[in-house]
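The values are calculated or read from the model by the stated rules, or taken from the named source; none is laboratory data. All values reported here derive from a predicted model rather than from experimental measurement. Note: ideal-geometry Cβ built from the backbone for every residue, glycine included; neighbour counts use all protein chains shown. These accessible areas exclude ligands, DNA and RNA; they are computed on the full protein's heavy atoms, side chains included. Shrake-Rupley method; radii C 1.70, N 1.55, O 1.52, S 1.80 Å.
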Amino acid sequence: MYAVEIKNLKKSYGDFQALKGIDLEVEEGEIFGLLGPNGAGKTTLMRILAEGLKYDEGEIRIFGESISKRTRRLIGYVSQESIAYNLLTVEENLNFYADLYDAPKKKVSELIKRFNLPPKKKAKELSGGFKRRLNLAISLLYDPKILILDEPSTGLDVPSRRKLWEEIKQFKEEGKTILLATHYMEEAEILADRIAIINEGKIIAVGTPKELKEMLGEESIVQVEGLLKGAEKLKNNFPRVLEKENSIRIHVKEPRQALPKIIEILIKEGSQIKAVKVEEPTLEDVFLELTGRGLE
Amino acid sequence: MKLRVIKGIILKDLREIRREKMALFWIFIFPIMWITLFGSIWGGESPPITLKVGVVYYNESSPFTAYDVVGIMKNVTLEGVPLFKVSEFKNESGAIESLKSGRVDAVVVFSKGFGANVSGGRQAKIYMYFDKTDPQDYQITSGIVKGFFSEFEKEMKKRSLEMQFKYMEAYIPKEIIERHNLTVEQIREYMLASAEPLVIEEKTVEGETATPIQFYVTSFIGIQFLFATMLTIGNGTLEEIEKGTLRRIAASPATAWDFLLGKMLSTFFIIMISIVIGIFYSRLVFGETIYPSFLGWSLIFIASLFSMSLGLSIAMLTRSIKSTTAIVNFISMPLLFLAGIVLPESVLPSWAKPIVNYFPLGRALKDLRLLELYNRPASEIIPDLIWLSLITLGALTIAVLLYNWVVKRLE
Ligand SMILES: Nc1ncnc2c1ncn2[C@@H]1O[C@H](COP(=O)(O)OP(=O)(O)O)[C@@H](O)[C@H]1O
Ligand SMILES: [Mg+2]
């Protein structure tokens, strides 16, 4: 039995089809990453699972049971936007949601302690990291078996992000199933046991990070760093080119033959090259291979 | 219905409101401002006024002359305050100049031969001049001056009758009177009545008239319904939609009724606090107020429920805080006057009267006034209360349906 099982899920906003037939299985106890660029349909999928957003077609089962108001209690959801009331304190916010879900009162103090939250501080005075943790605490009030996290580390500074990742790993230790949406390949790579790559409302690949990278096969990745010009020219010769700030990644079959050509084109266009490396593939390279574009 | 959810929503709303500066203004400062403003304009007893009157008269040697009338004018007082401050002018044109420049409020001219005419039992003429620039001032001034002279005239009539009667008693033979089956007393009464056919006595009845302060306390309650109540529930709900919290509440085990009941009760509680502040502030500062009876509070409750239904419906139809605020203001501004909220129904144009009677908030306020200001019996109000309850139930149903419709379509 899967924790979450989705078959042929379709959802439109007006004329626009945001989910074009999603099939997905999340195993109990794993961290499942949903990796895709903005607009891919991640939030839509999560809201269907957690908030009861209407969908057009498809079948969804939570621990084998068809999705309903009842199964929603098995799911805790941390959305991209905070649902804490800004004028209420941390404790008041938790008390309100505890009333809403009829959660035991002692949970409130427990969660305040667990996440090191300042109980008397108003939500609007919290830093991004604390606000996210308050939302996490809210979603845990009724002890859900599945935790759905929508871009949990977006907008957080590096230390807060690290801390959050530790906490997410902790949830897994406690036996929770975690479905995590992100457009940071790093986040997916570090946390997820399995990853589904989603693009334009479709899942285009599923597997462990290792399995996904193996999809690149024999290809190598050449990364050039510096003040670079001529990416467009490169694309004429190599089909998979990813431009980033101060670097370009090029997928090549034979690095030894490709390297002189790459350097020649870049220099001809007036680039200042600082370094050239042959790199291990990342999940973003997988995404590039599958869609022809980057994640961000 | 989940009591814990409803309690949670009420507590959450009240805590939010407590920390919201604008809301605090409407709840605490507005009632105090409103009552202070209208209380100090129309409240309390107005002190008796003294009118400056210019007089013009001619010296005469008759037994009773204009000089004697002016003497009386100088000595009349009302509640210990002189009614007139008299200045004498040599001629009419000088007096009129003074009136035009505002140095006197009225001019009284006793015609030439005034004294001789009065003493000789003939008609005597008095001319009066008033400044009509300010109609309200004119009404007050002319009322007082004319009132004085009409009282004076009555007194003169009585005296001249008494005089005539003395002559009659002395000269008409008793046999003639008896032959016509009359008594002296009857003739006397008959003569008095022909001089003054109507005797008007002014009597005031305590408790039947409301003071302006009491009227404005009820106005203030109406204003809270027209603005604060509608906006609190309407925009409060829209804010929850915008923040995404309503989606979460809708996804929780709480039902629509739990949410709405919680929101309505918290709104009602807030408005009650504001009304109670207005009531006690008025009592404290102006010594007058109203203390609504149970029936009065029922009217207030139903009116607030109607107002909430209206506010919620507007919010659900517009789905925008800005538009809701604009529409509520757009409807409420004219209703402030046309539904008899701040103006008494008696001064409204006739086409506005149906609004007072059939717009539920106008009607509820009118009933509240009948009940609390004019001491009408409950039996007169109860049919209205039933009518208002039914209308409110209808409005509430529409609001809840609209709310459900919106929540189902949240994307
Ligand atoms: N409420 C909505 N109304 C209309 N279109 C929407 C709405 N929410 C999302 N979309 C569209 O659906 C697509 C998927 O959005 P979303 O699920 O938020 O993607 P992601 O979370 O992966 O960034 C986007 O193109 C977005 O513009
Ligand atoms: Mg998203």
Conditions first: (1) over 15 Å from residue A:79 (Cα atoms); (2) away from ligand 2 (no atom under 16 Å from the Cβ). Residue A:139 passes all but one, so which condition is the exception? (1)
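This table checks each residue for (1) of a type in the set (Ser, Thr, Tyr); (2) within 14 Å of chain A (Cβ to nearest Cβ); (3) open to solvent by 10 Å² or more (accessible area, probe 1.4 Å).
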{"position": "B:219", "(1), (2), (3)": "yes, no, no"}
{"position": "B:226", "(1), (2), (3)": "no, no, no"}
{"position": "B:231", "(1), (2), (3)": "no, no, yes"}
{"position": "B:242", "(1), (2), (3)": "no, yes, yes"}
{"position": "B:249", "(1), (2), (3)": "no, yes, no"}
{"position": "B:254", "(1), (2), (3)": "no, yes, no"}
Cβ-Cβ under 6 Å, sequence separation 6+ or interchain: first residue in the range B:385-406 and in the same structural domain as residue B:304 (by TED's automatic domain parsing), partner outside any helix (DSSP H, G or I). Which pairs? none
Condition broken by residue A:12, with the remaining ones in (1) outside any strand (DSSP E or B); (2) among the polar types (S, T, N, Q); (3) open to solvent by less than 40 Å² (accessible area, probe 1.4 Å) satisfied: (1)
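Each row is one residue, and each column tells you yes or no for (1) without any contact (Cβ under 8 Å) to a residue 60 or more places away in the chain; (2) surrounded by 20 or more Cβ atoms within 10 Å (Cβ to Cβ); (3) away from ligand 2 (no atom under 16 Å from the Cβ); (4) part of a helix (DSSP H, G or I).
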| site | (1), (2), (3), (4) |
| --- | --- |
| A:8 | yes, no, yes, no |
| A:19 | no, yes, no, no |
| A:48 | yes, yes, no, yes |
| A:54 | yes, no, yes, no |
| A:58 | yes, no, yes, no |
| A:68 | yes, no, yes, no |
| A:76 | no, yes, yes, no |
| A:80 | no, no, no, no |
| A:94 | yes, yes, yes, yes |
Counting just the residues of the range B:14-24 that are assigned to a helix (DSSP H, G or I) and more than 13 Å from residue B:273 (Cβ to Cβ), which one comes out farthest from the other protein chains (Cβ to nearest Cβ)? B:22
Looking at (1) more than 20 Å from residue A:196 (Cα to Cα); (2) within 16 Å of ligand 1 (Cβ to nearest atom), which one does residue A:72 not meet, given that it meets all the others? (2)
Please determine whether any residue of the range A:22-31 is within 19 Å of the chain's Cα centre (by Cα), modelled with pLDDT of 95 or more, more than 16 Å from ligand 2 (Cβ to nearest atom) and farther than 29 Å from residue A:167 by Cβ. yes
Run residue B:360 past the list (1) surrounded by 14 or more Cβ atoms within 10 Å (Cβ to Cβ); (2) touching a residue at least 60 places away in the same chain (Cβ under 8 Å); (3) under 26 Å from residue B:314 (Cβ atoms) and report the number of the one that doesn't hold. (2)
Of all the residues that make up the range A:21-40, how many are open to solvent by 10 Å² or more (accessible area, probe 1.4 Å) and within 8 Å of ligand 1 (Cβ to nearest atom)? 2
Looking for whichever is within 16 Å of ligand 2 (Cβ to nearest atom) and either more than 14 Å from chain B (Cβ to nearest Cβ) or assigned to a loop (DSSP other than H, G, I, E, B) (or both) here; the options are A:164, A:156, A:147. Which one fits? A:156
What helices (runs of 4 or more DSSP H) completely inside the range A:169-247 contain at least 3 residues that are outside the structural domain of residue A:31 (by TED's automatic domain parsing) and touching a residue at least 12 places away in the same chain (Cβ under 8 Å)? A:231-237
Condition broken by residue A:106, with the remaining ones in (1) over 20 Å from residue B:243 (Cα atoms); (2) touching a Gly at 6+ places or on another chain (Cβ under 7 Å); (3) more than 16 Å from ligand 1 (Cβ to nearest atom) satisfied: (2)
Looking for something open to solvent by 10 Å² or more (accessible area, probe 1.4 Å) and not hydrophobic (A, V, I, L, M, F, W, C) - is there at least one such residue anywhere in the range B:265-280? no
I'd like to check something: does the range A:198-215 contain any residue that is surrounded by 17 or more Cβ atoms within 10 Å (Cβ to Cβ), over 32 Å from the mean Cα position of the chain (by Cα) and modelled with pLDDT under 90? no
